[in-house]
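Readers should treat all values here as calculations from the given coordinates under stated rules, not as data from a laboratory. All values reported here derive from a predicted model rather than from experimental measurement. Cβ placement follows ideal geometry from the backbone for every residue including glycine, while neighbour counts extend to all protein chains displayed.
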Amino acid sequence: MELDETDGLLFDPRARAAMKEFTGGADTLAFEAGAAVRTAFQAVERMRSHGSEGRGLSSGAMDLLLRLSSAGDDGASIGELAEAAGVSSRNVTGLVDTLEREGLVRRAPDPKDRRSVRALITPTGQGWIEAFRKPSQLAMAAIFQGFTDEELGLLRHLCLRLAVNQERLSEVIGR
């Protein structure tokens with residue numbers, strides 16, 4: 001990746017040129033920021049996947065497994081997992097299917113609602129999480145090397161503001 005720096009801020013000149021053409025020469029900063037967020041997301045996901053030891057779990061499946069590892073002995077319902085992850089119940093059902101085939105998660109009847117099932121992490125799944133922990137810590141330390149705590153806090157804040165804005169917009173347009 002070839003980056004330039006103006007006024008102490010990095011930018012991708014190829015992305016800027018493409019965005020200028022797309023916008024007809026109008027201001028490209030929001031578009032460039034969107035492209036940078038996408039690039040950063042991809043970089044973080046590449047680093048995060050280094051700890052998966054070639055098991056081929058998607059980031060969604062890993063996220064679900066991490067959520068279940070801290071859900072306690074009762075696990076979580078498909079609906080609870082979907083709400084926490086901000087995805088559809090159908091999506092979570094597919095992820096639970098995948099994790100169940102791998103022996104990392106099991107389904108159990110919900111004792112409070114006979115129409116519902118709960119997803120629970122298995123001992124194999126908990127072992128997978130334990131094996132994933134150290135490589136993940138090393139990967140995140142490497143990718144965020146040189147960031148101050150204040151910068152990391154601000155980055156977290158800005159990313160979550162993006163998510164809140166998108167959620168609010170989705171409610172307005174009904175998607």
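Principal axis analysis of the Cα atoms in segment 1-52 yields extents of 43, 23, 15 Å, listed in decreasing size. The fraction of all Cα pairs in the chain landing in successive 5 Å bins from 0 to the largest distance is 1, 7, 12, 15, 16, 15, 13, 10, 6, 4, 2, 1, 0, given as whole percents.
Could you run the Karplus curve 6.51 cos²θ - 1.76 cosθ + 1.60 with θ = phi - 60° over segment 8-17 and give me ³J(HN,Hα) per residue in whole Hz, x for Gly and Pro? The phi angles translate into x, 10, 6, 8, 9, x, 5, 5, 4, 4 Hz.
Whole-Hz Karplus values for segment 158-169 come out as 5, 5, 5, 4, 4, 5, 5, 4, 5, 4, 4, 5 Hz, taken residue by residue from phi with 6.51 cos²θ - 1.76 cosθ + 1.60 and θ = phi - 60°; glycine and proline positions read x. Each residue, THR6 and ARG114, gets one label point 7 Å from its Cα in the Cβ direction; the gap between the two is 6.8 nm.
Of ILE121, ILE143, ILE173, ILE78, the sequence from fewest to most neighbouring Cβ atoms within 10 angstrom is ILE173, ILE143, ILE78, ILE121. Residue by residue, segment 89-101 carries 3J(HN,Hα) couplings of 4, 4, 4, 5, 4, x, 5, 5, 4, 4, 5, 5, 4 Hz when phi is fed to the Karplus relation 6.51 cos²θ - 1.76 cosθ + 1.60 (θ = phi - 60°); x denotes Gly or Pro. Counting every other Cβ atom within 10 Å of each residue's Cβ, LYS112, LYS20 order from fewest to most as LYS112, LYS20. Each pair of Cα atoms in segment 106-175 enters the Kirkwood radius, and Stokes-Einstein at 25 °C and 0.890 mPa s then converts it into a translational diffusion coefficient of 150 µm²/s.
Within 10 Å of each residue's Cβ, count the other Cβ atoms and sort GLU45, GLU32 from fewest upward.
GLU45, GLU32
Distance between the 7 Å Cα→Cβ label points at ARG90 and LEU138: 4.1 nm. Calculated [222 nm] ellipticity per residue, helices only, for the chain: -21000 deg cm²/dmol; basis is -39500 (n - 2.57) per DSSP H run with n ≥ 4, divided by all residues, nearest 500.
Can you work out the FRET efficiency for the pair VAL37 and LEU66, with r the C-beta to C-beta distance and R0 = 22 Å, to the nearest 0.05? That gives a FRET efficiency of 0.50.
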